[in-house]
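Comments concern the structure below.
Quick note: the coordinates plus some simple rules give every number you see, no bench work behind them. These numbers come from a predicted model, not from an experiment. For neighbour counting, all protein chains shown are included, and Cβ atoms are generated from backbone atoms with ideal geometry for every residue, glycine included.
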Amino acid sequence: MANTSTRTLRLLSLLQSHRYWQGTELAERLGVSERTLRRDVDRLRELGYPVQAQRGKAGGYQLAAGAALPPLVIDDEEAVALAVGLQTTAQGAMVEGIAEASVRVLAKVVQVMPARLRRRIDALHAMTVPAGWGGADAAGIDPGVLTTIALACRDNERLGFSYTAADGRRTEREAEPHWLVRLGRRWYLVAYDLTRQDWRSFRVDRVSAPVGTGFRFRPRDLPAADAAEYVRAGLVGLPHPYRVEALVEAPAQDVRDRVGRWCTVEEAGAGRSRVHMTVDTLDWAAMVLGVAGADFHVIGPPELRDQLHTWGARFTRA
């Protein structure tokens with residue numbers, strides 16, 4: 001029975017990762033006869049999985065969409081990626097209701113995780129500093145990299161890794177990791193670089209093959225009020241594609257309540273506020289100003305005005 005159950009889970013995993021399998025190929029991957037494969041497919045159907053079959057010489061199987069969501073089979077890295085995405089959404093969702101739903105799903109996912117995975121997720125949650133400017137995404141980042149760094153931060157363990165600079169140069173680093181910071185759409189590692197003998201912030205999407213060295217360290221005093229401030233200070237002098245400024249016809253506190261996590265909001269007279277943000281895409285700036293919930297006037301850049309005209313025409317046509 002145990003062998004049958006394991007094989008059935010393996011079959012489900014294969015069906016979830018491939019649009020269509022020929023029967024002969026699928027049976028070969030599982031190491032069973034086509035007759036046994038048909039029995040295993042029937043078993044999945046009994047559990048609520050809508051497996052479609054195509055008869056004939058080139059016949060095979062595929063998993064179709066069903067009326068209800070049956071249990072999913074995911075591996076360790078997929079489970080960690082799911083938890084990272086849910087955590088980020090819960091902390092920076094722009095759509096009303098999404099944050100609450102993300103928290104509920106995250107609680108369910110973490111509850112059924114093995115202890116080895118919960119340890120990684122708990123470390124990531126504990127060692128991440130949200131710095132506003134919107135929720136970071138993990139595009140281009142291996143969730144295993146994030147959780148490995150988070151564990152090293154939590155355990156005060158020296159970390160070795162490869163780092164690719166903006167000019168493409170790759171170097172090997174050893175550092176004392178302190179915090180992960182979510183800023184804008186990026187993740188940063190704040191660490192004391194033992195190679196350079198100085199504090200550094202590393203973009204996590206440029207970090208590869210991080211590994212704990214086994215050596216513990218005593219945390220040093222960060223040369224800033226907190227990790228988020230340190231990362232922001234390091235980015236001030238760097239070139240950015242767009243610096244956005246707009247006047248919003250709403251009190252500053254109201255605007256802060258709506259979009260303050262993604263931009264800087266200042267008083268601009270009675271019932272008005274001035275918004276500043278630095279973005280790498282004007283789509284993001286348009287979304288933030290739209291969520292502000294009031295009329296606004298773009299001071300700059302001119303490209304944002306053009307973008308809003310294009311969006312406005314598209315929305316009107318819709």
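Data for the structure
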{"item": "Sorted peptide list for 248-258, 195-205, criterion being average Cβ within 10 angstrom, highest first", "result": "248-258, 195-205"}
{"item": "Spin-label model distance (nm) - L9 vs D167, 7 Å beyond Cα toward Cβ", "result": "5.1"}
{"item": "Karplus-derived HN-Hα couplings along region 167-180 (A = 6.51, B = -1.76, C = 1.60, θ = phi - 60°), whole Hz, x at Gly and Pro", "result": "8, x, 5, 10, 10, 9, 10, 10, 8, 9, x, 10, 9, 9"}
{"item": "Net charge over other residues, Cβ less than 9 angstrom from the Cβ of L159 (K, R count +1; D, E count -1)", "result": "-1"}
{"item": "Overall form of region 242-317 per C-alpha gyration tensor (a/c, 1.5; a/b vs b/c)", "result": "prolate"}
{"item": "Spacing of the two label points (7 Å from each Cα toward its C-beta) at N156 and Y20, in nm", "result": "5.9"}
{"item": "H297/A318 FRET efficiency (R0 30 Å; Cβ-Cβ; nearest 0.05)", "result": "0.80"}
{"item": "Overall form of region 18-64 per C-alpha gyration tensor (a/c, 1.5; a/b vs b/c)", "result": "oblate"}
{"item": "Segment A58-T195, length gained on full extension (0.36 nm per residue, minus Cα span)", "result": "43.4 nm"}
{"item": "Fully extended contour minus Cα-Cα distance, from A268 to V32, at 0.36 nm per residue", "result": "77.7 nm"}
{"item": "Table column - 3J(HN,Hα) (Hz), region 30-40, Karplus curve with 6.51, -1.76, 1.60, x for Gly and Pro", "result": "8, x, 10, 7, 5, 5, 5, 4, 4, 5, 5"}
